[in-house]
Ligand SMILES: NC(=O)c1ccc[n+]([C@@H]2O[C@H](COP(=O)([O-])OP(=O)(O)OC[C@H]3O[C@@H](n4cnc5c(N)ncnc54)[C@H](OP(=O)(O)O)[C@@H]3O)[C@@H](O)[C@H]2O)c1
């Protein structure tokens, strides 16, 4: 028998970026309930360990963790290398990690804007390109992109964040078309506001959309995302209100919506943080 045949078979794993908190964490529970072994990737090792231990206690799946900052361009290769070392392959990829920045574009630190582009755009493109060819060769698995309804139109005062999510929707829809009939599923989850720590992290506190308390739970967003992904849905918009919103965005010209978006997203603070 050749040495190659002595290698143990590779185990399938669902890789979830930003799997320690919020929507990513809720998606981790969804995939675990479907029996998928997981690799959770985010920066904070402690919260990864806590999430992984809780998932193991509730579901009969293996949960691996990798603490790394995906803003660093070298760390996508590290994810791939880690899977290789663990004798695993990426069966499903959930491109969820992302952050936003609230406030005037001109007042943001340039590094902060570029870090956001590195996480919200570069890292998910890099990971998708690393893992998609193998999924296509196996004719199974898939990619779930986590975009945002914000990607459906320009967002004054969250300009770069909205633009980054427009990229994710465009990439997800295009790959879904390219992979049609290949056995590989490509879905894009585009939620409206979801109640997580995301808005506080991005510096949004006094904005009308935060103050209104609008939004669905991370659990609901994740459940819709997971079931939509399993059904092979290309674009998943969770929540009836958001679905109406998305329909309105198809009909109404964006120029007409800009004053409303601006009113909705502008900080009410006298001296908003940049
Ligand atoms: N919340 C909403 O209203 C909403 C609506 C639409 C779309 N989304 C999208 O949903 C996704 C998840 O958002 P969320 O609300 O769940 O946010 P969240 O609660 O802030 O969670 C973000 C997750 O990403 C990880 N992360 C952040 N920066 C990272 C980095 N540089 N490298 C690796 N991991 C990183 C975080 O863990 P560490 O801090 O430990 O790294 C955390 O696990 C994002 O892409 C967001 O744009 C959110």
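Where a number appears in this text, it was derived from the coordinates with a stated rule and is not lab data. Treat the numbers as computed from the prediction; the structure is a model and nothing was measured. Cβ sites come from the backbone with ideal geometry, for glycine too, and all protein chains shown count toward neighbours.
What's the angle, to the nearest 10 degrees (0 to 90), between helix 240-251's Cα axis and the longest principal axis of the chain? Tilt of helix 240-251: around 70 degrees. Which shape class applies to the chain: rounded if a/c is under 1.5, otherwise prolate when a/b exceeds b/c and oblate if not, where a ≥ b ≥ c are the square roots of the Cα gyration tensor eigenvalues? Judged from the Cα gyration tensor, the chain comes out prolate (a/c at least 1.5, a/b above b/c). When the chain is treated as a Gaussian network with alpha carbon springs shorter than 10 Å, the biggest mean-square fluctuation among 179, 88, 231 belongs to 231.
Rounded, prolate or oblate: which fits region 180-266, taking a ≥ b ≥ c as square roots of the Cα gyration tensor eigenvalues, rounded meaning a/c under 1.5, else prolate when a/b beats b/c? Oblate, since a/c reaches 1.5 and b/c is not below a/b.
Centroid-to-centroid, using Cα positions, region 37-70 and region 76-96 are 13 Å apart. Here residue 129 and residue 182 are evaluated by their C-beta separation; at R0 = 22 Å the FRET efficiency comes out at 0.90. Taking Cα atoms only, the orientation of helix 159-178 departs from the longest principal axis of the chain by about 40 degrees. Estimated from helical segments only, the mean residue ellipticity of the chain at 222 nm is -14000 deg cm²/dmol, where each DSSP H run of four or more residues counts as -39500 (n - 2.57). Rounded to the nearest 10 degrees, the inclination of helix 124-138 to the longest alpha-carbon principal axis of the chain is 40 degrees.
Which of 113, 48, 252 moves most in a GNM of the chain, Cα contacts under 10 Å? Looking only at 113, 48, 252, the biggest GNM fluctuation is shown by 252.
Approximating the spin labels as points 7 Å out from Cα along Cα→Cβ, the residue 50-to-residue 269 distance works out to 2.5 nm. Considering only 22, 203, 100, the mean-square fluctuation computed in a Gaussian network model of the chain, springs between alpha carbons under 10 angstrom, is largest for 203. Going by the alpha-carbon gyration tensor, a ≥ b ≥ c the square roots of its eigenvalues, is region 42-84 rounded (a/c under 1.5) or, if a/c is not under 1.5, prolate (a/b greater than b/c) versus oblate? Oblate, because a/c is 1.5 or more while a/b does not exceed b/c. The distance linking region 239-270 with region 177-208 is 16 Å (Cα centroid to Cα centroid, whole angstrom).
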